Amino acid sequence: MKVIKRLFAAVLALATTVVLAAVDVNNASVADLDSIKGIGPGTSAKILGARKSAKFKDWGDFIERVPGIGDKRAAQLSAEGLTVYGNAFKPTAKPLAKKKSSVKTAEQKPASTSK
């Protein structure tokens with residue numbers, strides 16, 4: 001019986017630690033962000049800069065507005081405890097892609113017409 005109680009206490013302590021480790025990107029300070037493995041001073045500055053205009057609506061908004069964050073990195077940061085409004089990153093069937101700049105490729109020549 002003592003073993004079961006100790007095991008239960010250990011599981012409960014671990015669960016509490018995981019819950020307390022979550023850092024919501026919309027309320028996090030620089031120190032909070034830097035506590036997430038994979039976020040350093042440069043990324044913290046980018047996140048806070050993007051957050052100045054408005055809080056992040058969801059992970060897609062976060063990925064779109066913060067340079068250097070894509071689906072893969074978002075998944076890694078989420079696994080380390082980063083959340084958006086308390087939600088962990090959930091990969092979608094269709095990857096959340098950043099908007100690409102509208103750079104035109106080489107224009108095609110019009111087809112020649114014969115008379």
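Odds and ends about this structure:
- Scanning the stretch 9-33 for residues that are surrounded by fewer than 18 Cβ atoms within 10 Å (Cβ to Cβ) and at pLDDT 95 or above yields a count of 7.
- Some residue of the stretch 90-103 being modelled with pLDDT of 95 or more and surrounded by fewer than 17 Cβ atoms within 10 Å (Cβ to Cβ): no
- Residue check, GLY81 among the small types (Gly, Ala, Ser), modelled with pLDDT of 95 or more and exposed (fewer than 13 other Cβ atoms within 10 Å of the Cβ): no
The values are calculated or read from the model by the stated rules, or taken from the named source; none is laboratory data. Because the structure is a prediction, the values reported are computed rather than measured. Cβ atoms come from the backbone with ideal geometry, glycine included; neighbour counts cover every protein chain shown.
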